[in-house]
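Here the structure comes first, spelled out in structure tokens, and everything after it is commentary.
The values are calculated or read from the model by the stated rules, or taken from the named source; none is laboratory data. A quick note: this is a predicted structure, and the numbers were derived from the prediction, not measured. Backbone-built Cβ (ideal geometry, glycine too); neighbour counts: all protein chains shown.
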Amino acid sequence: MSSAIVTRFAPSPTGLLHLGHAYSALFAFEAATRSGGHFLLRIEDIDFTRCRQEFEAGILEDLAWLGLEWETPVRRQSDHRHEYVIVAEQLRVRGLLYPCFCTRKDIQREIDASGAAPHGPEGPLYPGLCRSLSDDERQSRIASGESFAMRLDLNRAIAEAGDHLEWMDLERGLQRAQPEILGDVVLVRKDIGCSYHLAVVIDDALQRVTRITRGVDLFEATHVQRLLQALLSLPTPEYHHHPLICDPDGKRLAKRDEAETLRSLKSRGLSPHELRRRFEFA
């Protein structure tokens, strides 16, 4: 691998940026510039039910205020949905995806009835209600107009890709992929026609990202993404899952908790240099 790396910062325009986003963007930018490499900005806006144009404009404004520069054009996932659909269909034809008609209530009802559902880092795993449906039943339910998502058949995927997949994490060292901790994940959401896991591995490969820098909260996602890279014959970047920025109570910053935004900090007179110095990037 060349010493000049390619990194990316990939926010979703579902709200304004906060300190945690600033740290992650600066972390990626500094890694790229120190190596004489390239820093990319990607807008992950496939979830049209939550993304807003005004938030995207705010992201660009805040990153420019931080002093970051990125290559253009910026890749927006909403412009490339057809690419994800094509790849998902290829996986389906290979027998690696299956339609799931379950609602959240269906899944919770099954979990409650079982009394001992396997758990992963994000909670109870999908109990496989639709995995063993016959082709006839699947086609009948689809033809009737019943909505469905597409899930990864994990056992088949591991059988095809092998169970000795690895990646290098600069924070934790060589890691062995354990996608079973996430179970049969959704790769095609019924409402938006894609999912984060599928889109991100396609984008990183197409943009030739060589180092993925992101928060440690996404560490577990790497297990299934490494599996997808193997299934799709995509290169595996190195990873650096950095620590999270937390509030005074030790809770990680999040949009849903209304963490203080960069726009608010700017209005109170905080300068980009002060912010960089707080993060030790100055």
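Just give me the residues in segment 212-250 being charged (D, E, K, R) and out of contact with any Gly (no Cβ under 8 Å at 6 or more places or on another chain), in sequence order.
Passing the criteria: R214, D217, R226, E238, D247, D249.
Kindly indicate the residue of segment 33-62 that is out of contact with any strand residue (DSSP E or B) (no Cβ under 9 Å at 6 or more places or on another chain) and among the charged types (D, E, K, R) and also farthest from S12 (Cα to Cα) among those meeting that condition.
Among residues in segment 33-62 that are out of contact with any strand residue (DSSP E or B) (no Cβ under 9 Å at 6 or more places or on another chain) and among the charged types (D, E, K, R), the one farthest from S12 (Cα to Cα) is R34.
Would you pick out the residues in segment 13-33 that are part of a loop (DSSP other than H, G, I, E, B) and surrounded by fewer than 19 Cβ atoms within 10 Å (Cβ to Cβ)?
The one that is part of a loop (DSSP other than H, G, I, E, B) and surrounded by fewer than 19 Cβ atoms within 10 Å (Cβ to Cβ): T14.
Here is a yes/no grid of residues against (1) at pLDDT below 95; (2) touching a strand residue (DSSP E or B) at 6+ places or on another chain (Cβ under 6 Å); (3) under 25 Å from L97 (Cβ atoms); (4) not hydrophobic (A, V, I, L, M, F, W, C):
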| site | (1), (2), (3), (4) |
| --- | --- |
| R211 | no, yes, no, yes |
| D217 | yes, no, no, yes |
| A221 | no, no, yes, no |
| R226 | no, yes, yes, yes |
| T236 | no, yes, yes, yes |
| P243 | yes, no, no, yes |
| K251 | yes, no, no, yes |
| E258 | yes, no, no, yes |
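Can you tell me which residue within segment 185-194, out of those that are at pLDDT 95 or above and surrounded by 21 or more Cβ atoms within 10 Å (Cβ to Cβ), is nearest to A149 (Cα to Cα)?
V188
Specify the residue that is nearest to F219 (Cα to Cα); the eligible residues are those in segment 112-149 that are touching a Pro at 6+ places or on another chain (Cβ under 6 Å) and in contact (Cβ under 8 Å) with a residue 12 or more places away in the chain.
Filtering first and then ranking leaves L125.
Does segment 94-105 contain any residue that is more than 21 Å from V200 (Cβ to Cβ), assigned to a helix (DSSP H, G or I) and out of contact with any Pro (no Cβ under 6 Å at 6 or more places or on another chain)?
Yes, the conditions are met somewhere in segment 94-105.
Would you mind telling me which numbered condition in (1) at pLDDT 90 or above; (2) surrounded by fewer than 16 Cβ atoms within 10 Å (Cβ to Cβ) S114 fails?
Evaluating S114 over (1) at pLDDT 90 or above; (2) surrounded by fewer than 16 Cβ atoms within 10 Å (Cβ to Cβ) leaves (1) as the failure.
Which of the strands (runs of 3 or more DSSP E) contained wholly in segment 118-232 include at least 1 residues that are over 23 Å from D45 (Cα atoms)?
166-169, 173-176
Name, by its number, the condition in (1) exposed (fewer than 14 other Cβ atoms within 10 Å of the Cβ); (2) part of a helix (DSSP H, G or I); (3) modelled with pLDDT of 95 or more that does not hold for G36.
(2)
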